[in-house]
Amino acid sequence: MKNPIDIAVARLIAVFGEPRTADPELYVAEFRKALKGIDPHVLELAVDQWMRKDTAFWPRPGELLAEVQTASAKIYARKPAEHAPLENRPVLDAAARARVEKLVAETISAMGDDGRIAGEATPTQWDRGHRAAFAAMQAQSPNVHLHAKGLSPISKRMTGDRDDR
């Protein structure tokens with residue numbers, strides 16, 4: 001099977017002839033390099049789109065890459081999610097529901113009060129995301145110049161928090 005880039009170049013040569021540049025071989029080599037790694041279906045659609053334009057010239061590599069972007073947007077456009085009606089969704093039977101409830105209960109019981117999961121050497125640091133832990137981390141940081149000491153005058157004006165009240 002032929003390489004999709006070779007097919008694209010052959011199509012462009014068939015329609016537009018050899019590229020009219022000082023060095024056609026180098027131009028085609030740069031063209032191949034620019035198109036490397038593009039999905040074959042997207043590349044084919046991009047070349048189709050370029051050929052439908054009212055032009056008698058080869059595209060520059062960037063122009064064809066712009067066509068590749070529009071072609072990939074057409075091919076890979078996501079449609080709004082269509083949710084299955086409730087009557088078509090699978091319903092858990094009693095055994096499956098009991099199995100799920102058992103797994104949840106085992107997970108909850110495996111976690112101790114100190115945040116340690118059973119068999120884990122160190123406790124999970126749940127408090128790292130809290131304000132007090134964050135303030136302590138900021139206080140110990142060597143980059144104190146990055147920490148705001150309060151609102152700047154511009155921020156105070158923006159929020160309406162002025163000192164002259």
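Being buried (at least 17 other Cβ atoms within 10 Å of the Cβ) and more than 17 Å from LYS74 (Cβ to Cβ) is true for just one of ILE13, ILE38, ILE5. Which residue is that?
Values: ILE13 fails: buried (at least 17 other Cβ atoms within 10 Å of the Cβ); ILE38 fails: more than 17 Å from LYS74 (Cβ to Cβ).
Among ILE13, ILE38, ILE5, only ILE5 is buried (at least 17 other Cβ atoms within 10 Å of the Cβ) and more than 17 Å from LYS74 (Cβ to Cβ).
Name the pairs whose Cβ atoms lie under 7 Å apart, with the first residue in region 53-64 and outside any helix (DSSP H, G or I), the second surrounded by 11 or more Cβ atoms within 10 Å (Cβ to Cβ) and not aromatic (Phe, Trp, Tyr), and 6 or more positions between them or separate chains?
Correct list of pairs: TRP58/LEU12; TRP58/PRO19.
Residues of region 1-33 being among the small types (Gly, Ala, Ser), closer than 21 Å to ALA56 by Cβ and in a helix (DSSP H, G or I), which ones?
First, pick out the residues of region 1-33 that are among the small types (Gly, Ala, Ser): 8, 10, 14, 17, 22, 29.
Narrowing the set further to residues that are closer than 21 Å to ALA56 by Cβ leaves 8, 10, 14, 17, 22.
Listed by number, the residues that qualify are ALA8, ALA10, ALA14.
Considering only residues that are outside any loop (DSSP other than H, G, I, E, B) and farther than 30 Å from LEU43 by Cβ, look in region 71-87 and name the one that is modelled with the lowest pLDDT. Give the derivation first.
Of all residues in region 71-87, those outside any loop (DSSP other than H, G, I, E, B) come to 71-75, 86-87.
Next, from what is left, pick out any that are farther than 30 Å from LEU43 by Cβ: 86-87.
Numbers: LEU86: 57, GLU87: 61.
Per the stated criteria, the residue is LEU86.
Residue-wise test of (1) at pLDDT 75 or above; (2) of a type in the set (Gly, Ala, Ser); (3) surrounded by 11 or more Cβ atoms within 10 Å (Cβ to Cβ); (4) on the phi > 0 side of the Ramachandran plot.
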{"residue": "GLY62", "(1), (2), (3), (4)": "yes, yes, no, no"}
{"residue": "ARG89", "(1), (2), (3), (4)": "no, no, no, no"}
{"residue": "ALA95", "(1), (2), (3), (4)": "yes, yes, no, no"}
{"residue": "LEU103", "(1), (2), (3), (4)": "yes, no, no, no"}
{"residue": "ASP114", "(1), (2), (3), (4)": "no, no, no, no"}
{"residue": "ILE117", "(1), (2), (3), (4)": "no, no, yes, no"}
{"residue": "HIS130", "(1), (2), (3), (4)": "no, no, no, no"}
{"residue": "LYS149", "(1), (2), (3), (4)": "no, no, no, no"}
{"residue": "ILE154", "(1), (2), (3), (4)": "yes, no, no, no"}
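The values are calculated or read from the model by the stated rules, or taken from the named source; none is laboratory data. Just so we're clear, the structure is a prediction, and the values are computed from it rather than from any experiment. As a convention, Cβ positions derive from the backbone with ideal geometry for all residues, glycine included, and neighbour counts pool all protein chains shown.
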